[in-house]
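Below is one structure, written out as structure tokens; comments come after it.
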Amino acid sequence: MKLLESYLAGRWQRGSGEPTPLVNPTTDETLAGASSEGLDLAEALRHGRDVGGPALRALSFAERAAALKAMSQVIHAERETLIEMGVSNAGNTRGDAKFDIDGATATLAAYAHFAKRLPETPFLPDGAGIKLGQSPRFHGQHVRVPRRGVALHINAFNFPAWGMMEKAACALLAGMPVLEKPGTPTALMAEHIAKVVVASGVLPEGAFQFLAGGAGDLLDHVEAQDVIAFTGSSGTAQRLRAHRAVVERGARINVEADSLNAVVLGADVDTDAEVFGMFVREVVREMTQKTGQKCTATRRIMVPEPLVDEVLEALTEGLGAIAVGDPSDSAYRMGPLTNRAQLESVQGGIARLAEHADVVCGGSKSLFDKGAFIAPTLLRAHDANTEVFHADEVFGPVASVLPYDGSAAEAARLVARGGGSLVTSVFSDDRKLPLDLALELAPWSGRVYLGSSKVAETATGAGLVLPAMTHGGPGRAGGGEELGGLRGLELYSQRTAIQGFKALVEGTFGEAEAG
Ligand code: NAP
């Protein structure tokens, strides 16, 4: 059996001990294994801090940007191999795998582009200078400098390529070396990307390390200047937040966790309107792309009472057109869940929701004898207020229609019951409702997506995380923030207020005059 390798302290290494199997969820065949047992993770973090950090900081922003661009190119050159890995190890259709891989390369390229706005200095001026006393002589300027630790990226299983590279792009451009730890069940693709990046030599030694297998005692060696950027379940997030590395040593942590993303259909929408078609298309895609295993996938669909029957009919028809089967066969538009453990978890989730809802289509039965297949499942809540719909993230192709009275106040109240989400969508052609709703939804949503006939042809879809916009959400979604263009570098930088004699402070640290 192939054993995945880790790239730590300048060499490829394998852990000892019983490996965790990586399976093909279509056939249940074991493809590879991963173990991190016995690997010296303290040494890896030292290597990142002592070798990778200084080498990376010695590069200008423009040189780091060039490295990101080169990474994007070398990964893109392996696209076909990576797609095959997504199909075999993650149950991705080819389209699902491309979404992940192209998301990774596009984000790297986007950050290479954003960097054109960065100065030649080894720090970033942060805002304008400030007069601090009665006389203009005493002056202040905020600056941002790269933190001196390692950016430790712990990722979920659902985006082995994109999840890893969107974090790496921000950290590397900011000047922090990275240690990438993918979710183990789908790490085959992540390991291949790591091999390609290391072999390319586009980054200085120590700037990019890769850990295959469990995190082991990694957190025990995390220090004050390190950053932990985590994506995964809220249970794991709780453990990381409570770790001494964070609580006692003050390492910075960013969390991207569960999210019960909502879609609100406006009461103004007619079922023959263009925006209704957009709503149906988007809900079907957001429920079924990557078999519903997207952090931005739709879980709650708020529909005005009078429209519920027509919405259920349209969504059932749309979901019925998604053929489920072997993702390597282009006849099928949805593959299996990532593994049997995820299948059991989703089946349990559907059963919990179904205690308070009618199952309109799909259900918790597995579809075939082999593999982790389940049908797209739509439920209709008996009562939109029941807690389970707002608290239980079923990480698969599953969503519930929650009837509401059509008012903005009621829709906003229901969205807020989710305790914080990554994205909330509103579909309406009303001139006022989306704006009123956007302000009410904003405190509970990392992103508010306003779908209307005006953007039906051009909008990218609520599930697409764009590098120029922030990704993250409050509360249950983890309270984190990633990407957002150059804002994404802040996590990896220390903001410091420099105070002193104006000519000195302004001359050295102030923003350069625009040419
Ligand atoms: P998970 O079980 O929490 O695992 C996430 C990562 O944490 C994996 O790399 C896992 O490693 C690692 N991990 C587990 N225990 C750890 C520990 N004690 N110390 C350090 N690392 C540890 O989550 P998952 O099942 O992979 O992902 C599904 C969840 O991710 C869903 O809830 C989904 O909503 C969420 N998600 C959120 C976003 C977002 O942007 N908000 C994006 C994608 C997914 P192993 O795999 O080796 O156990």
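The values are calculated or read from the model by the stated rules, or taken from the named source; none is laboratory data. Small disclaimer: the values here were computed from a predicted structure and weren't measured. Here Cβ is always computed from backbone atoms with ideal geometry, including for glycine, and neighbour counts include all displayed protein chains. Only protein heavy atoms, including side chains, enter the accessible area calculation; ligands, DNA and RNA are left aside. Shrake-Rupley method; radii C 1.70, N 1.55, O 1.52, S 1.80 Å.
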field: Hey, S493 closer than 24 Å to Q289 by Cβ and either more than 16 Å from the ligand (Cβ to nearest atom) or touching a strand residue (DSSP E or B) at 6+ places or on another chain (Cβ under 8 Å) (or both) or not
entry: no
field: In the range 257-304, the residues that are away from the ligand (no atom under 11 Å from the Cβ), among the basic types (K, R) and open to solvent by less than 10 Å² (accessible area, probe 1.4 Å)
entry: R300
query: Filter the range 90-121 for residues that are polar (S, T, N, Q) and out of contact with any Pro (no Cβ under 8 Å at 6 or more places or on another chain); which is most open to solvent (accessible area, probe 1.4 Å)?
result: T121
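For (1) in a loop (DSSP other than H, G, I, E, B); (2) under 21 Å from I253 (Cβ atoms); (3) not β-branched (V, I, T), each residue gets a yes or a no:
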{"residue": "K454", "(1), (2), (3)": "no, no, yes"}
{"residue": "E457", "(1), (2), (3)": "yes, no, yes"}
{"residue": "G461", "(1), (2), (3)": "yes, no, yes"}
{"residue": "L464", "(1), (2), (3)": "yes, no, yes"}
{"residue": "A468", "(1), (2), (3)": "yes, no, yes"}
{"residue": "G473", "(1), (2), (3)": "yes, yes, yes"}
{"residue": "R487", "(1), (2), (3)": "no, yes, yes"}
- line: Note on the range 428-458: residues aliphatic (A, V, I, L, M), open to solvent by less than 10 Å² (accessible area, probe 1.4 Å) and more than 21 Å from G484 (Cβ to Cβ) are L437
message: For the range 184-196, check the following and say yes or no: at least one residue is closer than 19 Å to Y492 by Cα and either open to solvent by less than 20 Å² (accessible area, probe 1.4 Å) or not small (G, A, S) (or both).
response: no
field: Check on E282, within 22 Å of S233 (Cα to Cα), not assigned by TED's automatic domain parsing to the domain that holds M176 and not in a loop (DSSP other than H, G, I, E, B)
entry: no
field: Residue among G515, G485 that alone is surrounded by fewer than 21 Cβ atoms within 10 Å (Cβ to Cβ), within 16 Å of the chain's Cα centre (by Cα) and either at pLDDT below 95 or farther than 29 Å from D268 by Cβ (or both)
entry: G485
message: For the range 459-474, which positions are open to solvent by 30 Å² or more (accessible area, probe 1.4 Å) and either away from the ligand (no atom under 16 Å from the Cβ) or in contact with a helix residue (DSSP H, G or I) (Cβ under 7 Å, 6 or more places away or on another chain) (or both)?
response: A459, T460, A468, T470, P474
- prompt: In the range 212-239, what residues are open to solvent by 20 Å² or more (accessible area, probe 1.4 Å), more than 6 Å from the ligand (Cβ to nearest atom) and either of a type outside the set (G, A, S) or assigned to a loop (DSSP other than H, G, I, E, B) (or both)?
  reply: G216, D217, D220, H221, E223, A224, Q225, Q238
message: Kindly evaluate V202 against the criterion of being more than 16 Å from the ligand (Cβ to nearest atom), of a type outside the set (F, W, Y), open to solvent by 10 Å² or more (accessible area, probe 1.4 Å) and assigned by TED's automatic domain parsing to the domain that holds P122.
response: yes
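A quick yes/no check of all residues on (1) surrounded by 19 or more Cβ atoms within 10 Å (Cβ to Cβ); (2) in contact (Cβ under 8 Å) with a residue 24 or more places away in the chain:
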position	(1), (2)
P25	yes, yes
S36	yes, yes
D40	no, yes
H47	yes, yes
L56	yes, yes
E63	no, no
A70	no, yes
V74	no, yes
Subset of the range 164-182 [within 13 Å of the ligand (Cβ to nearest atom) and either open to solvent by less than 10 Å² (accessible area, probe 1.4 Å) or not assigned by TED's automatic domain parsing to the domain that holds R241 (or both)]: M164, K167, L179, E180, P182
- request: Within the range 126-144, identify whether any single residue is within 27 Å of A42 (Cβ to Cβ) and away from the ligand (no atom under 15 Å from the Cβ), and answer yes or no.
  value: no
statement: Taking the range 126-161 and keeping only residues that are within 28 Å of the chain's Cα centre (by Cα) and open to solvent by 20 Å² or more (accessible area, probe 1.4 Å), one is left with D126, R144, V145, R148, A156, F157, F159
query: How about the range 385-399: which of its residues are open to solvent by less than 10 Å² (accessible area, probe 1.4 Å) and either β-branched (V, I, T) or outside any strand (DSSP E or B) (or both)?
result: F389, H390, V394, G396, P397, V398
- prompt: Among the residues of the range 76-89, is there at least one that is within 30 Å of L337 (Cα to Cα) and not in a helix (DSSP H, G or I)?
  reply: yes
- prompt: S425 is checked against (1) open to solvent by 50 Å² or more (accessible area, probe 1.4 Å); (2) in contact with a Phe, Trp or Tyr (Cβ under 7 Å, 6 or more places away or on another chain) and fails just one. What number does that condition carry?
  reply: (1)
